[in-house]
Amino acid sequence: MTLLGHDVNAWHLFATSAEQDVFLFQNNTKGLQVSVYQHPNGDYELGRIWAV
């Protein structure tokens, strides 16, 4: 998130999926959501950012 110029402190975790290792974060100030995927090797991948 920081590398993309986003303030990580503005985002909060609001949903998870243990079956797929997916975490959903929301930024209420900007009205955005982002999905973050955790791979079996422990690496994280930033998913799509969309407006809510």
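Here are a few things to note about the model shown:
Each row is one residue, and each column tells you yes or no for (1) in a loop (DSSP other than H, G, I, E, B); (2) at pLDDT below 90; (3) over 11 Å from the mean Cα position of the chain (by Cα).
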| site | (1), (2), (3) |
| --- | --- |
| Glu19 | yes, yes, yes |
| Phe23 | no, no, no |
| Thr29 | yes, yes, yes |
| Asn41 | yes, no, yes |
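- The condition of being in contact (Cβ under 8 Å) with a residue 12 or more places away in the chain, open to solvent by 70 Å² or more (accessible area, probe 1.4 Å) and either of a type in the set (Val, Ile, Thr) or touching a strand residue (DSSP E or B) at 6+ places or on another chain (Cβ under 6 Å) (or both) holds for Val52.
The values are calculated or read from the model by the stated rules, or taken from the named source; none is laboratory data. In this text, all values refer to a predicted model and were calculated from it rather than measured experimentally. We place every Cβ from the backbone using ideal geometry, glycine too, and count neighbours over all the protein chains shown. All accessible areas refer to the heavy atoms of the entire protein, side chains included, with ligands and DNA or RNA removed. Shrake-Rupley method; radii C 1.70, N 1.55, O 1.52, S 1.80 Å.
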